[in-house]
Structures are given as structure tokens and as C-alpha cells.
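Peer 1: Got a structure for you, questions after.
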Amino acid sequence: MKDLVKQYLDRDVSRRKFLAGLSALGVSAAGAGSMAKSLAAYQAPASATTPAASADRPAWQREMTGSGGALLVAQLKAAGIEYIFFNPSTGEAPVYDAMMDEANMHLIKGLHEGSLAAMADGYAKASGKMAFVMCARPGLPNCMTQMFNSWKDRIPVLVGVDNVDESSLGQDAFEEVESMGAMTAPITKWHWNADSTAKIPEITRRAIKFATTEPCGPVFVSYPEDLLADEAKTTIMDQSKFDISMKVRPDPALVEKAARLLIEAKNPLLYVGDEIAWSRAEKETLELAELLALPTTRPPGSLGWSKPFPTRHDLWLGDYQTNLRFPGAVDVMLNLGGRLPYAGERLKMRAGVKLIEARIDSGNLARTYPTEVAMVADVKMAAADLIAAVKSMATDARLKQITQDRREKTAAFSKQTRDFHLAIAKNRWDRNPLSVERLGVELDQFLDKDAVVVGEIDSGRTIENLIAFGGNDRTFFSNGGRALGWGLGAAFGVKLAMPDRQVVAIMGDGAFLFAGPQPLWSYGRYKAPVTIIVLNNRSYNNERNRIWAQGGRQFETGRDMACYMGDPDMDFALVSRGFGVESEVVEAPGDIRAALDRGRRANISGAPYFIDMRIERGGIGAQSTWHPGFTVESLRTKKV
């Protein structure tokens, strides 16, 4: 044993081989790990800890000797990663050690793994870059709730955990889950377990490649603790050598066919989706819509995370519906980058519609609906090619002839819809508790022109209909997975990616409670100047509306068995102050603007601000506060 210890102290054997040697001598895994940890302080200095260039290597390759944690950090840096969203875990210590010398990379700590994944999702959506999350293995199920949102929205996130030592795998070790990656399989593009310290950079490069190749999505890698602690000599390579461009042009023949259908259509419709936002194709999409005067709609709220078309444009109709009041019976529909409504037993589209689709996500393209033209393509290139094809096939005079009447009718309907929403808001202006319509109008008047709104609200359609988004107006982020608890963490990630823009987070009380208040700690620690608005009506309001709309005994008796959240009445502003975030309660409608102004001043000073907005409950059974009266106290047989 003395020889083995000396070899370990002299770094002639790795930690992994040292543990294996102790195991062969009869030392338990726990005892071996404890011995290795106690001896680590006395080891000889490593031969190298930083990447080193070599005369026989190209500039994008660097040889490096270091711990697995240092190798991981170096490879992340070579991929342009600036932030590691993490929750402290013992096995990740080598990663934290390596980060001490990285001036341009930062650790962003969250107090709950779900919050970390939501932060990463918001950051990725706002920055267009992959985000990296690292957490302890028991926290993976928490993390997976928000990984689900990234999976549904096709957002690149790499989630890593510190797994048990390689030598302990399969032994039901402390916090071990066998085949951990298999847990994530349904919601990841790839999952893997690192099997040597030297291969950590290679496996990380591969994971990033899978996550960022469109259609993007989450990936998962487990890094065993002993591999993170062991040292190895290996090569760090720039991630750019493994990037795959998916800027794919559509088949010219299909473009010509689609353009002809659109030109000859009597009643066309444009359906815009999230791939437009991800590929930054808003300009081309708007040009195509204006060229053909295409009435434009987007996926129903639960199927999208962006608003890639200006919502105050004359061609904007709002969310897609099966039977649109305008323009009526559609004959040709162009889907640019969107998920179509789920169909169930009946397609949510008229049988005679000729559907054109352009998407990079070939797995979702033509998945459910019969498609006349299906183009696998980057939507930015698809829109540009369609514009060129239409212009080559139709003169300006013909385009004016086929679009003028449609343009005027669509503009009239769009204005009528906006006026209708404003009329409802005016009618509900002085409601107390305050109305979401009043809040929507106040926000539209208050928000900066380039503000960013992060929304997780089931009643969000009402507010969103009253705020100008898209084009030269504000940016909007949500999630299409609808796993609750996303908004508070996501808004932090969005602000991290867009530090110079005003960011306002709006969420329901149910969404806030699903996340828990833990992300507020991160807001306070990192001084993230975001205005957070929680719509507090002490109810899962829209869930109750949907349940009671089915009839049943709750509807008949007026008794809410499931959705009322008063008694106790929660004071979210008080909770916020407990995390060091200044806050207030707003109850009267006339106090909204002053509260928003106080939030702005706090944000300008570099601090977050929290508003507990007491709004009305609406819909079926909204006034009822009845709930089951069962208490645990009633079970007691011995009372003092």
C-alpha cells in the first residue's frame, strides 16, 4: 500500500487507478474515496493546468493536462460558453476550482434545479446560444420538469450531473440511479455517461454538437465524480470544428410550386412559428406577407414561445383558430416554422385546404396534416426564395390586382379586433380587484419600445392582445411545453442575455408557486434588474373555468373542489422581501402605473423589483371561495 500511496502522491497514477488499487487491497469504496480526498492536499503539483499550444498542432487544437473538471471547463470555454448555471454539489468541486481562474466565464447559482433549467432556457432563447446546466444527480428529476419545456420548444441546453464513481456504478451507491441517462431519453436528443477523464472534452463537444444542430434540443451527460477529480492529458478543440450549419435552401421546384399556389390562392393564410424567431427571419417573413397581402396568424398560445410577426400590423389576425371568422374558408395555408395544432380525432383544418409547410424540423413537418408542399429548409431562406419566386412569376400589376382588396379587408378586420379589445379594457377599466385588461393597456403605455416581456400566464392572451409585440416593437418569450414554474427563472436568463434591455416578467400565482420563490435569491445575489409581476387572484382561475365548463357537480353546486388558493391568503410581496428583493402589493387599479414606475426606478439603479398584483378572478364560479373544509387538525384525538 505504501508504494501505491507514494505513486499517487507523485502523480504517477491517477485517482481512478489509486482507488482501483485500494479496492484490490480490500479497502472499501467509501474508505478509498476518503483516503484519496485526504491525500489530495499533499500531491505533487500537476505538470500543466492550462491549455498549451504545440508547433505541430493547428491553432484550434490545444494540448492540456488537468483534472476532469478543468478539462470540462476548458472545452466549454472553447465552445463559447460564458455561464454555468449550477447548484452546489460535492462531486463538482474540480469544476469550481477550474472556474476560479476564468475571468470571462461565470458561475450562476440557483437554489432549485428546475429554476436552473428555466434560467438556461430563457438565456438560450434570448441569446440564440446553447446554455449549460450542472447539478447534483438527485436533483435531475427537478431539472427535467423544465428540460421538458426546452424539448418541446427545440431549445439547445446541455445538462450535466456529477455521477457516482465509475468503480461504484451498479452497486446501488449513494445517490446512484442505474442508467441515469435513460431517465432523460424521452426529452433529450442524446444522453451519455463519460467513461474516462481524457474523453470528457470529446464527449462534451459531441453533446454540444447534438444540442445545437437544428432542430435543437436538450442533451444530457453524466460525469462520474472520480473522472472529474482525476487528471489526464488530452486535446481541447474549438467547437467551431464540429458545428453543422442548417442554413438549408428549399428545393427550387417546391418553391416554384408553393409560389404558384400562393399567387393563385383566393383566400390564403400565413401561419408563423417559432423557427422564424430562432433563425431571425422576421424581416423576410414580413416582406413575404406584405408582398401577397397574406392575413397572418400564429399557433395557439400553448404551441409557441415567440411572437415573430408584428401584432399591430394590418395583416395580423392573432392566434389560429379552426374556424376563423376572418378570412373565412381558407384555400391555401403557408406554415413558416410553426407547430400545427394537435388534431386528436379531427383535423383542426378544413379538408379542402392546400397546406404548404417550410420547416427545418423534418420530424414535425407533415407529421399529422396532409401537406401539398413540404419543404425541409431554413425558414429565413425559404421566405427569401418564395419572395424571389413570386416576383419572378407575377408582375407588380398582377400582384396589386390580387392583393388590394384582400389587404384592405384584412386591415379593416385587424383594426376592428384591436378596437374590440380596447373597448373591453375601457369597460373594465375601474374594476376592483383590478382587471387584466387594465394591466395590459397600462403595460403597453409603460414599456420601452424595445422592452422584453417574459410571460407565463394562462390568461396571458388577454394581456398580450393589448401590448404591441414584434417588428419594431417589444420582444416576447414564453414556453410551449407549459410545464409550470418556468417564468421566474427564464426571465433571469433573458436578462442575462439582454442586460441593456428592459425586462418585465409576468406570471400567474400558480406559475410562481410551482417554481417556488427560490429564483428570487438569484435575482438578489446577481442584482438582476427585472420587474416581476405576479397576478395574484388566489386561484387556478383558468383551470377552474375549463373544469366547470364541462358541467358536473362542481358547476351545479358552485363548490370548487380543486382550484381555489385562498385560505390562507398568500402575501407574495412579503416572501420577496425575505429574499432581499424590494416589493409591493397593488390592489387598486389606479395604483398600477405608480408601481410600474417604482419598478423602473429600481431596475435603473440595478435592482430587481417585485409587484404582487391582486387581480380579479373571472369566469364560471369566480366569486366562490368555498373549498373542502378538511384539516389535519381535525384528525387529532388528543388535544391540549
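The values are calculated or read from the model by the stated rules, or taken from the named source; none is laboratory data. Note that the structure is a prediction, hence the values are computed from the model and not measured. Cβ atoms come from the backbone with ideal geometry, glycine included; neighbour counts cover every protein chain shown.
Peer 1: Under 8 Å by Cβ, and 6 or more places apart or on different chains, what pairs join a residue from the range 318-344 that is farther than 16 Å from residue 357 by Cα and touching a residue at least 12 places away in the same chain (Cβ under 8 Å) with one that is among the polar types (S, T, N, Q) and in a loop (DSSP other than H, G, I, E, B)?
Peer 2: 318/311; 318/465; 327/267; 328/267; 329/267; 343/368
Peer 1: Does residue 579 qualify as being within 28 Å of the chain's Cα centre (by Cα) and crowded, with 20+ Cβ neighbours inside 10 Å?
Peer 2: Considered against the rule, which asks whether it is within 28 Å of the chain's Cα centre (by Cα) and crowded, with 20+ Cβ neighbours inside 10 Å, residue 579 comes out as no.
Peer 1: Follow-up. For residue 235, state whether it is over 23 Å from residue 150 (Cβ atoms), not in a loop (DSSP other than H, G, I, E, B) and not basic (Lys, Arg).
Peer 2: Answer is yes for this residue.
Peer 1: Picking from 222, 279, 302, 306, which residue would you name as being among the small types (Gly, Ala, Ser), under 28 Å from the mean Cα position of the chain (by Cα), assigned by TED's automatic domain parsing to the domain that holds residue 185 and closer than 27 Å to residue 156 by Cα?
Peer 2: None of the other options fit; the residue is 222.
Peer 1: I would also like to ask the following. Of the residues 97, 56, which is of a type in the set (D, E, K, R), more than 25 Å from the chain's Cα centre (by Cα) and under 22 Å from residue 227 (Cα atoms)?
Peer 2: Residue meeting the stated conditions: 97.
Peer 1: Shifting gears a bit: Can you tell me how many residues in the range 414-447 are assigned to a helix (DSSP H, G or I), without any contact (Cβ under 8 Å) to a residue 60 or more places away in the chain and of a type in the set (D, E, K, R)?
Peer 2: Final tally of qualifying residues: 4.
Peer 1: Hey, can you tell me all the residues within the range 555-573 that are closer than 15 Å to residue 535 by Cα and in a helix (DSSP H, G or I)?
Peer 2: Selection gives 572, 573.
Peer 1: Out of 411, 383, 388, report the one residue that is under 27 Å from the mean Cα position of the chain (by Cα), part of a helix (DSSP H, G or I), at pLDDT 95 or above and not polar (S, T, N, Q).
Peer 2: When all the criteria are applied, what remains is 383.
Peer 1: Can you tell me which residue in the range 39-91 is nearest to residue 233 (Cα to Cα), limited to those that are of a type in the set (Val, Ile, Thr) and at pLDDT 95 or above?
Peer 2: 65
Peer 1: Any idea which of (1) over 14 Å from residue 270 (Cβ atoms); (2) without any contact (Cβ under 8 Å) to a residue 24 or more places away in the chain; (3) not hydrophobic (A, V, I, L, M, F, W, C) is the one residue 357 doesn't satisfy?
Peer 2: Status for residue 357: all satisfied but (1).
Peer 1: Which residue out of 542, 536 is within 28 Å of the chain's Cα centre (by Cα), surrounded by fewer than 22 Cβ atoms within 10 Å (Cβ to Cβ), polar (S, T, N, Q) and assigned by TED's automatic domain parsing to the domain that holds residue 482? If you could, list the steps in order and put the result at the bottom.
Peer 2: Numbers: 536 fails: surrounded by fewer than 22 Cβ atoms within 10 Å (Cβ to Cβ).
Just one listed residue meets the conditions, 542.
Peer 1: Inspect all residues belonging to the range 585-598 and state whether any of them is under 26 Å from residue 529 (Cβ atoms), outside any loop (DSSP other than H, G, I, E, B) and in contact with a Gly (Cβ under 9 Å, 6 or more places away or on another chain).
Peer 2: The answer is no, given that none of the residues of the range 585-598 is under 26 Å from residue 529 (Cβ atoms), outside any loop (DSSP other than H, G, I, E, B) and in contact with a Gly (Cβ under 9 Å, 6 or more places away or on another chain).
Peer 1: If I ask for residues that are in a loop (DSSP other than H, G, I, E, B), of a type in the set (A, V, I, L, M) and within 20 Å of residue 302 (Cβ to Cβ), which ones from the range 458-513 would you list?
Peer 2: Selection gives 466, 467, 483, 484.
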